[in-house]
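For reference, the structure discussed in these notes is given below.
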Amino acid sequence: MSNYHIKNLEEYYQVYRKSVRNPELFWEEVAEEHFVWKKTWDKVLNYDFSKPEVKWFEGAELNITENCIDRHLATRGDKTAILFEPNNPDEEAEKISYTELHKRVNQFANVLKDNGIKKGDRVCIYLPMIPELAISLLACARIGAIHSVVFAGFSSSALGTRINDCEAKMVITSDGSFRGVKTIDLKGIVDEALEDCTTVETVLVAKRIHSDIPMKEGRDQWLQPLLDKASEECEAEVMKAEDPLFILYTSGSTGSPKGMLHTTAGYMVYTAYTFKNVFNYRENDVYWCTADIGWITGHSYIVYGPLANGATTVMFEGVPSYPDFGRFWQIVEKHKVSQFYTAPTAIRALAKENLEYVDKYDLSSIKVLGTVGEPINEEAWHWYNDNVGKKKNPIVDTWWQTETGGMMISPIPYATPTKPTYATLPLPGVQLALMDEQGNEIHGNQVDGRLCVKFPWPSMARTIWGNHQRYKDTYFSAFSDKYFTGDGALRDEVGYYRITGRVDDVIIVSGHNLGTAPIEDAINEHPAVAESAIVGFPHDIKGNALYGYVILKETGEGRDHNNLRKEINQIITEHIGPIAKLDKIQFTEGLPKTRSGKIMRRILRKIAHNELDNLGDVSTLLNPEVVQSIIDKRLSSELVS
Ligand code: WT7
């Protein structure tokens, strides 16, 4: 059916119009033709944004792993499902066929069951990018357990907060991980996190770095011996369409991380459909997304979307700079990668290095290039297009979010003409609106506003785990009857969208979504700190970096500022992780505040951006004099290591 694989622009518009005219019929046809169901739905869509409540394919029964694995066995049993490329290029790549994947997922699922995990239980996964990571997600889904993957770069305290929030019964981790020349003691981080957790009964430990680590009697178990004993058959649990599939945490502008809850049928249909179309995936292609499965990109477009299409999906354990900056391109050549999906921050980092690292390798297998995570700047887009795509491969700039589950705005290769820095057009089924600050929809083209979605799409998050009110407040309260993304966007003369960035206090650093509040909370834990405020400022490689304004208590006044800076970053590393470290820390006597006591981040942002001529009216501030003193002492190049 043509719906499922769009070939040209005219067809895109036809399909798009159909998806808007009759969304239920549109998604019903996709769902009917491309998936296996134990029972089909009674109703395609039921929704009410005022509650908000959204249900897709109600009444249907399925198991996502049967769609991702079992149904491919007859036709693709020997095809590589997961192609694992280790950190060390001298270690052999591992090709896991669909048949092998079926066996390993079933064994893992049986181990989960043997250890008391039942449908609906939460399992926290804290693993590096090794095959066990993908397999553990699928094993949870096989038995209906809800996985909650925590990116293995997060600190023990960030891990602990997430384990406690979802009351996980089990943690799956490894004895450590390889990242370039470094090894990281993941199990040690888990042990620390679990000091403050009471719900975890079992920790399963995969062996990766073969280090000698302490195992806690009665709680910790090595994974491999359990797998070796487990049966290779595990019947897939019958799941209802709206049964939870996973929780994944994302930062908010305030408060604790939000556990976005994704459910089964809609998520499966939407991620599979978008994967097929946005990457123009064909049967013998080798697809590679460089993200970590700890982020939504990896959930949707390393694991579920590709496998639901019977694709070969590459999992890379390492980093782009090891053993040198040619690593990505060496892997593309080695495995003849057809679709390559990465983040602007990686592109910018690689673009700074010698072109020989790219030119040395044969990249002729590439057909489609993708980018995700933050706006891609013009220069990076051209570098990617010229040097990796050789000016002949379409670049899909895909805009979406943890909350949206799947891509929302993206060119369709060979159909949508691309335009640097534009994510271009909404995918079928995605109905966008730009809103002004008064809450009115802005119609027409060549306009900008706040980006909203005005109709449900199948893979949207259904709630925030344990806090539906917060879900409503965060996403459905700013504009009535619409999902608010938190991003600003402009629509050009032909209706293409360009994302201009966050309009709230979330800052995207190297593609990682960071809320200011948790970082400020961490800094304020330092005994010498009275108050702090974080803003973003433009950075060549990271896109944005963090600038902190810190007020010291009297006890901190005489102290060495460089030592204090190091200590502050140490605290941030402990509470959140190294990704949230500040690049600049300015000590100040005050912060600009409104009369109601709210910090005027707008002014701090301008100072950090060095845009001093246009600070706006500061006279209404509670403490206008503080602005000049901050300007006088602003930091230009001082970087914290
Ligand atoms: C935020 C969501 C989607 C997976 C990775 C990030 C920004 C994402 C783009 C893009 C401009 C983008 C937005 C969005 N963003 N993709 N192609 N162009 N901005 O997921 O951590 O939930 O972050 O990332 O600001 O709201 P996330």
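In table form, for the structure just shown:
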{"read-out": "Contour minus Cα-Cα distance for K119 and H468 (0.36 nm per residue)", "value": "123.5 nm"}
{"read-out": "Length-normalised contact order for the range 310-433 - Cα pairs under 8 Å, 6+ apart - percent", "value": "19"}
{"read-out": "Label zone at N614, where the point sits 7 Å out along the Cα-to-Cβ direction: the range 432-448 residues whose backbone N lies under 19 Å", "value": "437, 447-448"}
{"read-out": "Pairs of Cα atoms farther than 13 Å apart, the range 100-151, %", "value": "50"}
{"read-out": "Rg/Rg_globular for the range 438-577, with Rg_globular taken as 2.2 N^0.38 Å and Rg from C-alpha atoms", "value": "1.34"}
{"read-out": "Under 20 Å between alpha carbons - lysine pairs in the range 153-292 that sit 8 or more apart or on different chains", "value": "8"}
{"read-out": "Square roots of five times the Cα gyration tensor eigenvalues for the range 1-100, Å", "value": "34, 20, 16"}
{"read-out": "The range 163-201: GluC sites (Glu not before Pro) in DSSP loop, at most 12 other beta carbons within 10 Å", "value": "E195"}
{"read-out": "The range 585-628: translational diffusion in µm²/s, Stokes-Einstein, Kirkwood Rh over Cα pairs, 20 °C, 1.002 mPa s", "value": "200"}
{"read-out": "Proximal lysines to K334, defined as alpha-carbon separation beneath 17 angstrom and excluding residues fewer than eight positions away on the same chain", "value": "K95, K360, K367"}
{"read-out": "Charge dipole of the chain about the Cα centre (unit charges at C-beta), most positive-ward option of Q570, I551, P131", "value": "P131"}
{"read-out": "The range 404-483 - convex hull of alpha carbons, volume per residue in Å³", "value": "114"}
{"read-out": "Geometric extent, Cα atoms of the range 524-641 - Rg, Dmax (angstrom)", "value": "14.1, 39"}
{"read-out": "Label-to-label distance, nm, for residues given as N524 and R21 (7 Å Cα→Cβ offset)", "value": "5.5"}
{"read-out": "Burial ranking of peptide ranges 327-336, 604-613 (average Cβ count within 10 Å, highest at the top)", "value": "327-336, 604-613"}
{"read-out": "Share antiparallel - DSSP beta bridges, the chain, percent rounded to 5", "value": "60"}
{"read-out": "Pairwise label distance in nanometres, S231 with V319, each label 7 Å out on the Cα-Cβ vector", "value": "4.5"}
{"read-out": "Fully extended contour minus Cα-Cα distance, from E201 to E58, at 0.36 nm per residue", "value": "48.1 nm"}
{"read-out": "Kirkwood Rh and Cα Rg combined as Rg over Rh, evaluated for the range 451-514", "value": "1.00"}
{"read-out": "Under 5 Å, built H, 5+ apart or other chain: amide partners of T312", "value": "Y287"}
{"read-out": "Amide H partners (placed H, <5 Å) of T588, local residues excluded", "value": "V550, I551, L552"}
{"read-out": "3J(HN,Hα) from dihedral phi, the range 456-465, Karplus parametrisation 6.51/-1.76/1.60, rounded to Hz, x for glycine, proline", "value": "x, 10, x, 9, 5, 4, 8, 6, 9, 3"}
{"read-out": "Built amide H within the under 5 Å cut-off of G370, gap 5+", "value": "F340, Y341, T342, V396"}
{"read-out": "Peptides 345-352, 471-478, 439-446 ordered by average Cβ neighbours within 10 Å, highest first", "value": "345-352, 471-478, 439-446"}
{"read-out": "Contour minus Cα-Cα distance for D448 and Q224 (0.36 nm per residue)", "value": "75.2 nm"}
{"read-out": "Fraction in percent of alpha-carbon pairs per bin - 10 Å, the range 148-296", "value": "9, 29, 35, 23, 4"}
{"read-out": "Semi-axes of the equivalent ellipsoid for the chain, Cα gyration tensor, largest first, Å", "value": "37, 30, 25"}
{"read-out": "Loop-located GluC sites (Glu not before Pro) in the range 1-91, at most 16 other Cβ atoms within 10 Å (DSSP)", "value": "E91"}
{"read-out": "Calculated from backbone phi, Karplus (6.51, -1.76, 1.60) coupling profile of the range 273-282 in Hz, x at Gly/Pro", "value": "5, 5, 4, 4, 7, 6, 9, 6, 5, 10"}
{"read-out": "FRET E, pair E356, E33, Förster distance 45 Å, beta-carbon r, rounded to 0.05", "value": "0.45"}
{"read-out": "The range 154-181 and the range 11-57: distance between their alpha carbon centers, rounded to Å", "value": "36"}
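Coordinate-derived values only; no laboratory data. The model shown is predicted, which means the values in this text are computed figures rather than measured ones. So basically every Cβ, Gly included, is an ideal-geometry build from the backbone, and we count neighbours across all protein chains shown.
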